[in-house]
Amino acid sequence: MQPNLPPQSSSLVVQPSSGQLDPFALLLHRMINRIRQSLELPEILSTTVAEIRAFLKTDRVKIYYFHPDGTGEVIAEAIHDRRLPSLLGHFFPVEDIPQEVREQFLHLRQRSIVDVKARQVGVSLLENGDAEIKEEIHFRPVDSCHAEYLSAMGVCSSLVVPIVDKQHLWGLLVSHHGSPRQITERELQVVQIIADQVSIAIAQSNLLNQARIQAAQEATINRVTALLHYTPEMQLEEALKQTVTALKGVGGRLYIAPQLPHQPPQFFTYGNQPLLLEMGQHGQAEMAERWEKDNPKREVGQQNIFPLIEQHLHWQTWLDMEEPSSQYNTIWAIADLCEAVMPSDLAMAFLEAQIRSLLVVQLQYRRQVLAYLTVFRQEIDVERIWAGQPDREDRRQCRPRQSFEAWRELKRGQAHPWSAADIDLAEALGNHFAVAIHQRSLYQQVCALNADLEQDVQKRKQAERKISALNAKLEQRVLERTMELQKINEELLRQIAERERALLERQQAEASLERLSYQNELILRSAGEGIYGLDTQGKITFANPAAVRMLGYQVDELIGAWMHTLLNHSYPDGTPYLMTESPIYATLLYGTVQHSSNDLFHRKDGSSFPVDYVSSPILEQEKIVGAVVMFKDITVRQHIEQIKDEFISIVSHELRTPLTSIRSTLGLLAGGWLKSHPEKSQRMLEIAFSNTNRLVRLISDILDVERIKFGKVTMEKTICNVADLMLQSAEIVQAMAEKAEISLSVMPISADLWADSDRIIQTLTNLLSNAIKFSLPGTTVQLTAHAIQDVEDIKNHPHLPVPPFPLPPPYLLFQVQDQGIGIPSDKLETIFDRFQQVDASNSRSQGGTGLGLTICRNIVQQHGGQIWVKSKLGAGSQFYVALPLSEPSEEG
Amino acid sequence: MTRCILIIDDDPDIREATQLCLEITRGWEVITAGSSNEGLKKAISEQPDAILLDVMMPDMDGLTAFEHMQANPEISHIPVILLTAMAQPADRRRYTQLDFAAVITKPYDPLALADQIDSIFKE
């Protein structure tokens, strides 16, 4: 890069002229060209000294540079043939060149040419205020000190030309020669031109350096800016590192003050760090613990667990006391902590970390302190090669130097102060940091807000998802529950229906049971048969009223009693059963149903009666738990059977008797035994015929009795005239009465009767014929009738008998009275029964079948009437027939 | 040898027909009685060879009359033939248990009756 050099003054431009060339001009031209070939100051300076030495042909040409502290240093040197010792890199104390001399160099542009031997110095002033330049050399005696100084240096002749850079004494261009040497004005002129060129080069070099530094700073700023701004998350640590490095620090830190209460400070470090021991009174462990307690949330990059120097109570106070290095009072460049007014604990912390210099940048944004950017420099060792050891005794260098032998001075622990460039850089960087931190803060806030928002959104989404899931689950559950409920409902409905049905069934069953129970009770109560229950031991558990009545006990006498003993259960012939033989016990033992007829039970009074019984086991789940015995008193049945047997015997007898006669007689006749006995044959035929008639009558009567009795014969009822009935009846028996010499007396009454006239006539005829049969000749048989209309009639006829069974009036009462043999009193009840003639033989002899009265009774009963007899043996009999006189319609 | 048969029956027609039958077919002497009491008297007085005894009679039934006969050594030896119109099996069993020479059910065949009496005599 070609530095933008300032335009050279035309006076200084050496143009080679065509034709004759000035050898100085040529030299100058060559020298300037060579100098101009480089932009690098050291090279320019080296070239310069070399060219000048070659030009002047002196022993040594050097460039003496003034450091800001006033010390001098030889920074370029050309030595010819080692005629003088090298002073390159050697330092010279401030005092070597007094201040007034320096002033002359600067303001008068004084050039001096010393001739040590001649003890004179030639001085040429290039400027003299408003005076014109006079390049003349004025000689005067040289200061002895100066002369001795040069002598000590081995110099006999010297030329010193000041190098000024922007009104600032930059250095000296010095030529030394070991032997005397005259410097011509021309030579001085050339050297001056060269020196001017060097000035220009210095200015150029300074500009270049400034440009370079600026470029470097800009590069640094760019890098840091990039780190701070180019990525979403600014790389503060790396930016800090870059900053520290750019500022040639050994460490640095960025403390970001909390922007909000309860927010922890943020803290980044790089390199050496101070360890702040609070007031120096606490141990490190305790400190650490306290730190942890005070700062539960440490930001990333926090490497120090100790209290922050920026939070030190006196940090800002101290800074305020220090002189700020910028116009905005935001930068403090503490070159040497040892000279600062820093609190001792803070200072100790820094010094212990080998930190000697601090550059503190208070980062602000719109007057708000955001952070502190601090860069540390450690102390450094400064080594200097001095041209000769200073005289300890001559501190003020009053005496001229005697030796310029190189003396190496090493200064340890020196502060490394901050340059203006450093401060500018720090300021520039600080501004970027401030903006970045502010932005970061904003960014963090936004991020936090975003994060919060994101979190909210996430939470909301999560919540929504949860709600959705819950909703889905809920819906699922609701669905499931609904289905469950529906099922349960259905089940419940089904169960309710079932229960209702069951309840209904139960109610019906209970009602049935109750009904049944009631019916059973009724049945048991109403049963004509005796029923009692037994337990397995044979004790009576219950007995129905019929049983109680038949047995003659009270119920409580029966319950719990031993049935076998109590009833004295016996065989039909009266022999008591052994318990083991009792069919009832067989039922209890084996569960068999036992039927028995004609066994005897005994009553409480000791009497016995024949029974039919059935004993059945009571089973519960196929186990015999008792027995029930149902019995009936068969006394009446036995009697009826006996009567029936007797009746059959009688009928059989009555039928067989005439048949016997018929068979016997016919047998004889058929066998031809009577062929020779016609009278006997006739007699046999008569007997046979007579008995045949008898048999016919008998059969007719028997059939009649049975048919009337069982209603097989319907009564053909019509309204009959009672008188007619009486007269017709009398007429039928009239012949029989006459034959028996009985007089028949009939007293008919006029009344209407609703009756079967033929049957009534049959009845009256039967009664009349009976009366005739059993009357002695010459007596009278009477037939009379009375219509009893009401109770009064009964009262009015006290001689008339009242029917034996209640018969409400009106009724008609027939009476057949005879004066015959009468009926024994014991027969009065039975003569109306079949074949119950008082005297069968007599009856048969009278042509009776023994069924007549039976038929009469049946007929009367079919008319709703009654028939009875009153009689005294030997004093005649009175047969009565009472028939109701009711209307036909009423009778139905 | 002429046998004497006593018929005790309350039915005159039976007495007459049976008497004629035994007289005609066998030539036996036949005496009759219309009741038990009469029959007992005649049995004792007449000492018949056999007695035909009806069961149902008004004064005394045939079985009672038979007990009387059995109880009376004068006539207890006379074989008694029971003539009965009681044809019930129970009656028959009852009669056969008693010491009748025979039990003949009415209506009987008159010739068979004679044969049966014959066989009793032959025993």
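The values are calculated or read from the model by the stated rules, or taken from the named source; none is laboratory data. The model shown is predicted, which means the values in this text are computed figures rather than measured ones. Because the Cβ atoms are built from the backbone with ideal geometry, glycine has one as well, and the counts that use them run over all protein chains shown.
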ask   = A:LEU674: farther than 23 Å from B:ILE8 by Cα and at the interface with chain B (Cβ under 8 Å from one of its Cβ atoms), yes or no?
value = yes
request  = With the condition kept exactly as written, say whether any residue in the range A:513-527 is farther than 30 Å from A:VAL593 by Cα and free of Cβ contacts under 8 Å to residues at least 40 places away in the same chain.
outcome  = no
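Rundown of residues vs (1) part of a helix (DSSP H, G or I); (2) within 22 Å of A:ALA54 (Cβ to Cβ), yes/no style:
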position	(1), (2)
A:HIS146	yes, no
A:SER151	yes, no
A:VAL155	no, yes
A:PRO162	no, yes
A:LYS166	no, no
A:ARG186	yes, yes
A:ASN206	yes, no
inquiry  = Is it the case, given these coordinates, that A:VAL74 is of a type outside the set (Gly, Ala, Ser) and modelled with pLDDT of 85 or more?
reply    = yes
query = Can we say A:LEU479 is assigned to a helix (DSSP H, G or I), surrounded by fewer than 12 Cβ atoms within 10 Å (Cβ to Cβ) and at negative phi?
reply = yes
note = Of the listed residues (B:LEU40, B:LEU83, B:LEU53, B:LEU98), the one being under 23 Å from B:ASP13 (Cβ atoms), touching a helix residue (DSSP H, G or I) at 6+ places or on another chain (Cβ under 9 Å) and at pLDDT below 90 is B:LEU83
inquiry  = Between a residue in the range A:90-116 that is free of Cβ contacts under 8 Å to residues at least 40 places away in the same chain and any residue that is crowded, with 16+ Cβ neighbours inside 10 Å and not aliphatic (A, V, I, L, M), which pairs come within a Cβ distance under 6 Å, given they are 6 or more apart or on different chains?
reply    = A:VAL94/A:THR71; A:GLN104/A:GLN110
ask   = Pairs, please: C-beta under 9 Å, at least 6 apart or cross-chain, first residue touching a residue at least 24 places away in the same chain (Cβ under 8 Å) and more than 7 Å from every other protein chain (Cβ to nearest Cβ) and in the range A:654-668, second outside any helix (DSSP H, G or I) and among the β-branched types (Val, Ile, Thr)?
value = A:GLU654/A:THR849
key: Residue under evaluation B:PRO110, criteria (1) at the interface with chain A (Cβ under 10 Å from one of its Cβ atoms); (2) touching a residue at least 12 places away in the same chain (Cβ under 8 Å); (3) touching an Asp or Glu at 6+ places or on another chain (Cβ under 8 Å), criterion not met   = (3)
request  = Being of a type in the set (D, E, K, R) and either at positive phi or in contact with a His (Cβ under 7 Å, 6 or more places away or on another chain) (or both) is the filter here, so list the residues in the range A:198-245 that pass it.
outcome  = none
message = One residue is enough: does the range A:552-562 have a residue meeting the conditions surrounded by 12 or more Cβ atoms within 10 Å (Cβ to Cβ) and among the acidic types (Asp, Glu)?
response = yes
inquiry  = Take the conditions in contact with a His (Cβ under 7 Å, 6 or more places away or on another chain) and either of a type outside the set (A, V, I, L, M, F, W, C) or modelled with pLDDT of 85 or more (or both) and apply them to A:VAL696. Does it pass?
reply    = no
task = Using the structure shown, decide if A:LEU534 is modelled with pLDDT of 90 or more, surrounded by 18 or more Cβ atoms within 10 Å (Cβ to Cβ) and more than 18 Å from A:GLY626 (Cα to Cα).
result = no
remark   = Apart from one, (1) closer than 23 Å to B:GLU23 by Cβ; (2) modelled with pLDDT of 90 or more; (3) of a type in the set (Ser, Thr, Tyr) all hold for B:THR105; the odd one out is (2)
query = Within the bounds of the range A:424-431, is there any residue that is of a type in the set (D, E, K, R) and touching a residue at least 24 places away in the same chain (Cβ under 8 Å)?
reply = yes
ask   = Does the range A:459-482 hold any residues that are over 28 Å from A:LEU449 (Cα atoms) and not aliphatic (A, V, I, L, M), and which are they?
value = A:ASN471, A:LYS473, A:GLU475, A:GLN476, A:ARG477, A:GLU480, A:ARG481, A:THR482
task = Tell me, yes or no, whether the range A:522-534 has at least one residue that is closer than 22 Å to A:ASP612 by Cβ and basic (Lys, Arg).
result = yes
query = Limited to the range A:244-269, what total is found for residues that are over 21 Å from A:GLN444 (Cβ atoms) and crowded, with 20+ Cβ neighbours inside 10 Å?
reply = 7
query = Of the residues A:GLN235, A:GLN217, A:GLN266, A:GLN210, which is within 30 Å of A:VAL435 (Cα to Cα), modelled with pLDDT under 85 and in contact with a strand residue (DSSP E or B) (Cβ under 6 Å, 6 or more places away or on another chain)?
reply = A:GLN266
task = Would you please name the residue that is surrounded by the most Cβ atoms within 10 Å (Cβ to Cβ), looking only at residues in the range A:677-707 that are charged (D, E, K, R) and either touching a Phe, Trp or Tyr at 6+ places or on another chain (Cβ under 8 Å) or more than 8 Å from chain B (Cβ to nearest Cβ) (or both)?
result = A:ARG694
query = List the pairs whose first member sits in the range B:11-26 and is more than 7 Å from chain A (Cβ to nearest Cβ) and without any contact (Cβ under 8 Å) to a residue 24 or more places away in the chain, whose second member is in a helix (DSSP H, G or I) and surrounded by fewer than 20 Cβ atoms within 10 Å (Cβ to Cβ), and whose Cβ atoms are under 6 Å apart, counting only residues at least 6 apart or on separate chains?
reply = none
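A quick yes/no check of all residues on (1) surrounded by 15 or more Cβ atoms within 10 Å (Cβ to Cβ); (2) closer than 15 Å to B:TYR95 by Cα; (3) in contact with a Ser or Thr (Cβ under 6 Å, 6 or more places away or on another chain):
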| site | (1), (2), (3) |
| --- | --- |
| B:GLU23 | yes, no, no |
| B:VAL30 | yes, no, no |
| B:ALA33 | yes, no, no |
| B:ALA43 | yes, no, no |
| B:MET56 | yes, yes, no |
| B:ASP59 | yes, no, yes |
Filter pass, A:LEU600 being more than 19 Å from A:ALA527 (Cβ to Cβ) and either crowded, with 16+ Cβ neighbours inside 10 Å or touching a residue at least 40 places away in the same chain (Cβ under 8 Å) (or both) = yes
Residue ID - nearest to the other protein chains (Cβ to nearest Cβ), chosen from residues in the range A:613-648 that are hydroxyl-bearing (Ser, Thr, Tyr) and surrounded by fewer than 21 Cβ atoms within 10 Å (Cβ to Cβ) = A:THR635
query = Quick one: in the range B:89-107, which of the residues that are surrounded by 14 or more Cβ atoms within 10 Å (Cβ to Cβ) and within 11 Å of chain A (Cβ to nearest Cβ) is farthest from A:LEU659 (Cα to Cα)?
reply = B:ASP91
request  = Output the number of residues of the range A:536-554 satisfying the condition of being in a helix (DSSP H, G or I) and out of contact with any strand residue (DSSP E or B) (no Cβ under 6 Å at 6 or more places or on another chain).
outcome  = 4
